[in-house]
């Protein structure tokens, strides 16, 4: 799980999880009890049910379509606007993955070292972002 600001600076990187752990499960584990009322939270469609944890006025998530109820053109436009904001997070992830150590198959026996490598790569990505902004 990664949290970044609107300038693509990485503010938080969670530890690595083995297997297929859903982002929302990680969110609940890490941020249970955290007060998000002062923040705007932009998430993807996998975070349905987040209203129980965050003030609903500050959640920005896309509208899901169903088989029986397709999205209207207005809902598609809203989703496009939300995606244009969330793409910054995807760009921050891409900056982290630009480092070769995270692109190769990892064979570390001690998975804590992978967490350290991720944190170092996030710091380097922030440093590169700071140089680009200045």
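The values are calculated or read from the model by the stated rules, or taken from the named source; none is laboratory data. Computed from a predicted model, the values in this text were never measured in an experiment. Don't worry about glycine lacking a Cβ; one is built from the backbone with ideal geometry, like all the others, and counts go over all protein chains shown.
Would you check if there is a residue in the range 46-58 being closer than 16 Å to residue 81 by Cα, surrounded by 13 or more Cβ atoms within 10 Å (Cβ to Cβ) and at pLDDT below 85? Among the residues of the range 46-58, at least one is closer than 16 Å to residue 81 by Cα, surrounded by 13 or more Cβ atoms within 10 Å (Cβ to Cβ) and at pLDDT below 85, which makes the answer yes.
Here is a check on your reading of the model: is residue 28 outside any helix (DSSP H, G or I) and either more than 12 Å from the chain's Cα centre (by Cα) or modelled with pLDDT of 90 or more (or both)? Criteria not met by residue 28.
Remark: pairs (first residue in the range 74-89, farther than 25 Å from residue 10 by Cβ; second residue assigned to a helix (DSSP H, G or I); Cβ separation under 7 Å; 6+ apart in sequence or on different chains) are absent. For the range 5-25, state whether one or more residues are in a strand (DSSP E or B) and surrounded by 13 or more Cβ atoms within 10 Å (Cβ to Cβ). Yes; the residues of the range 5-25 include at least one that is in a strand (DSSP E or B) and surrounded by 13 or more Cβ atoms within 10 Å (Cβ to Cβ). Residues that are in a helix (DSSP H, G or I) and at pLDDT below 85 within the range 94-107 comprise 96, 97, 100, 101, 102, 103, listed in sequence order. Checked against (1) in a loop (DSSP other than H, G, I, E, B); (2) surrounded by 14 or more Cβ atoms within 10 Å (Cβ to Cβ); (3) at negative phi; (4) out of contact with any strand residue (DSSP E or B) (no Cβ under 9 Å at 6 or more places or on another chain), residue 36 passes all but condition (4). Among the residues making up the range 57-80, those that are in a helix (DSSP H, G or I) and either closer than 19 Å to residue 25 by Cα or within 17 Å of the chain's Cα centre (by Cα) (or both) are 58, 79.
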